[in-house]
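Trainee: Structure in structure tokens, see below.
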Amino acid sequence: MIKGSRGHYSRPVIRISILAIALSLTIMFVSIAILTGFQQEIRDKVIGFTGHIQITRFSGNTNLVPFAVDRQQAFLPALRAHPKIKHVQVYASKAGIIRTSDQIQGAVLKGVGADYDWDFFRKRMSQGNIPDYSDTAQKNNVIISKAMADQMNLKLNDPIRMYFIVGEHTVGRKFKVTGIFETGLEEFDKLFVIGNLVHIQKINGWDSGQVGGFEVVLKDFRDVVEMGKYVYHQIGFQLDASTIYQLYPQIFDWLDLQDMNVVIILSLMIAVSAITMISTLLILILERTSMIGVLKALGLPNRRIRKIFVYHALYILGWGIGIGNLSGFTLCLVQQKWGLVGLPQESYYVPVVPIHLDLFNILLLNLISVTACYLMLIIPSLIVARINPVKAIRFS
């Protein structure tokens, strides 16, 4: 570090600068971890209900009564063998009404088959078990959300009856609640009843070889757009492939808006760090004016003198960034492990503040912070060139 006879002013300034930079980086670190965690949680919940890509027959139908699609399709082997596709499963949906002795509630019966991937719901079951539709004895078993169970006063193993409109007639089906799940995504929790595909086939007059469509589950969400185009070109002109972005644009537009909040926070915190470094460097230069005069008198060029102060400022910046990373990482790990900070789930869709640590985001944050602060250091370092060595030595 730079030392001098008047360093008693710079020492506390350096400590304050390190703390200010560390605090700014901690805020940025935690903000990015929370944003990415929140986006991932909401995204995963929506995908759990619909898959990444849905394949249905082309139609202008918007009332959840799709046209039948043949279960056996020529493109399925290629999709299932694709390295970026995790799973392809059949499904069908039918809008109806749940009726109990004292309650009526609109709902959508989502019919699934024995090939359905239950991982999403299995992790979110609060009561009961996942039905096994390969067992014909369980064909009437359904799972509903905790929000729907509370609203309809339903309990585990209670019977429920759903009514569906078929042409000019109403058709009723009796089910048994064998599982209750909770995702926190209220719009979906209060809408979907997950049951056996066989019932929708019978209600719609389909045979066992007809389904409502296919859900494609990918291994990586970042491949959605690319794989959406791939699937679309594989399935032929009679079918349509819709990505999760196209199915629920309002949700993903809302999630994208959260990026703006973080950009504002990052911009403010980087500005605070840059201004802190500029102030610190100015104080160091002013306190070492006589030293600069002596170095100039000895023939040291301005460029070399500026480097001395810039390197010293980078040393301070390095300490601040190191402490900021450590504190931010610690706070994120504590929240991730113990969930100390909670949220109202009905408003934020998650019970605790979610955290997602991504190495790329962390490295990018550090790179942007260091680069921005370094560029800002060039401005005050130019003051060195304006210092007259004679005056500096005379008035030291």
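The values are calculated or read from the model by the stated rules, or taken from the named source; none is laboratory data. Everything quoted here is computed from the prediction, not taken from an experiment. Methodologically, a virtual Cβ is constructed for each residue, glycine included, from the backbone with ideal geometry; neighbour enumeration extends over all protein chains shown.
Trainee: Exactly one of (1) among the aromatic types (Phe, Trp, Tyr); (2) closer than 16 Å to Val217 by Cα; (3) in contact with a Gly (Cβ under 7 Å, 6 or more places away or on another chain) is unmet by Trp118. Its number?
Mentor: Status for Trp118: all satisfied but (3).
Trainee: Next up: What pairs can you find where one residue is in the stretch 355-382 and within 18 Å of Ser17 (Cβ to Cβ), the other is in a helix (DSSP H, G or I) and among the hydroxyl-bearing types (Ser, Thr, Tyr), and their Cβ atoms are less than 6 Å apart, with a gap of 6+ or different chains?
Mentor: Hits for this filter: Cys373/Ser273.
Trainee: In addition: Picking from Gly324, Gly328, Gly339, Gly320, which residue would you name as being at positive phi and within 31 Å of the chain's Cα centre (by Cα)?
Mentor: Within the list Gly324, Gly328, Gly339, Gly320, the selection yields Gly339.
Trainee: Given the conditions (1) modelled with pLDDT under 95; (2) in the same structural domain as Val224 (by TED's automatic domain parsing); (3) touching an Asp or Glu at 6+ places or on another chain (Cβ under 8 Å), which single one is not true for Gln89?
Mentor: (1)
Trainee: Further question on the same structure: Ile321 versus (1) at pLDDT below 90; (2) within 30 Å of Arg222 (Cβ to Cβ): which is the lone unmet condition?
Mentor: Single failed check for Ile321: (1).
Trainee: Right, next: Return yes when Leu359 is assigned by TED's automatic domain parsing to the domain that holds Gly37, at pLDDT 90 or above and more than 26 Å from Tyr374 (Cα to Cα) and no when it is not.
Mentor: For Leu359, the condition - assigned by TED's automatic domain parsing to the domain that holds Gly37, at pLDDT 90 or above and more than 26 Å from Tyr374 (Cα to Cα) - is not met.
Trainee: For Asn153, which of the numbered conditions (1) among the polar types (S, T, N, Q); (2) within 14 Å of Ile98 (Cβ to Cβ); (3) in contact with a Phe, Trp or Tyr (Cβ under 8 Å, 6 or more places away or on another chain) fails to hold?
Mentor: Result: Asn153 fails condition (3) only.
Trainee: Only one of Met260, Met291, Met277 is touching a Gly at 6+ places or on another chain (Cβ under 7 Å), assigned by TED's automatic domain parsing to the domain that holds Ser369 and aliphatic (A, V, I, L, M); which?
Mentor: None of the other options fit; the residue is Met291.
Trainee: Anything in the stretch 122-146 that is of a type outside the set (Lys, Arg), surrounded by fewer than 21 Cβ atoms within 10 Å (Cβ to Cβ) and touching a residue at least 40 places away in the same chain (Cβ under 8 Å)? List them, or say none.
Mentor: Once the filter is applied, which keeps residues that are of a type outside the set (Lys, Arg), surrounded by fewer than 21 Cβ atoms within 10 Å (Cβ to Cβ) and touching a residue at least 40 places away in the same chain (Cβ under 8 Å), the stretch 122-146 yields Met125, Ser126, Gln127, Gly128, Asn129, Ile130, Tyr133, Gln138, Asn140.
Trainee: Another question, then. Quick one: which helices (runs of 4 or more DSSP H) lie wholly within the stretch 301-396 and hold at least 3 residues that are among the aliphatic types (A, V, I, L, M) and buried (at least 17 other Cβ atoms within 10 Å of the Cβ)?
Mentor: Filter on the stretch 301-396 gives 302-338, 359-381.
Trainee: Right, another one. Name the helices (runs of 4 or more DSSP H) wholly inside the stretch 161-257 in which the number of residues that are touching a helix residue (DSSP H, G or I) at 6+ places or on another chain (Cβ under 9 Å), surrounded by fewer than 20 Cβ atoms within 10 Å (Cβ to Cβ) and not assigned by TED's automatic domain parsing to the domain that holds Gly111 is 2 or more.
Mentor: So the answer is 244-247.
Trainee: Could I ask something else about it? Look at Ser101 and say whether it is within 17 Å of Met152 (Cα to Cα), loosely packed, with under 15 Cβ neighbours inside 10 Å and of a type outside the set (A, V, I, L, M).
Mentor: Yes.
Trainee: Looking at the stretch 361-396, which of its residues are aliphatic (A, V, I, L, M) and over 49 Å from the mean Cα position of the chain (by Cα)?
Mentor: The answer is Ile387, Val390, Ala392, Ile393.
Trainee: Quick one: how many residues across the stretch 151-160 are surrounded by fewer than 19 Cβ atoms within 10 Å (Cβ to Cβ) and part of a strand (DSSP E or B)?
Mentor: Result for the stretch 151-160: 1.
Trainee: Test Ala95 against the stated conditions and say whether it is small (Gly, Ala, Ser), assigned to a strand (DSSP E or B) and in contact with a strand residue (DSSP E or B) (Cβ under 6 Å, 6 or more places away or on another chain).
Mentor: Yes; evaluated as a whole, the condition is true for this residue.
Trainee: Just to be sure before I move on: is Met148 assigned to a helix (DSSP H, G or I), closer than 15 Å to Val193 by Cβ and either in contact with a Leu (Cβ under 8 Å, 6 or more places away or on another chain) or not assigned by TED's automatic domain parsing to the domain that holds Val216 (or both) in the structure I sent?
Mentor: Yes: the conditions hold for Met148.
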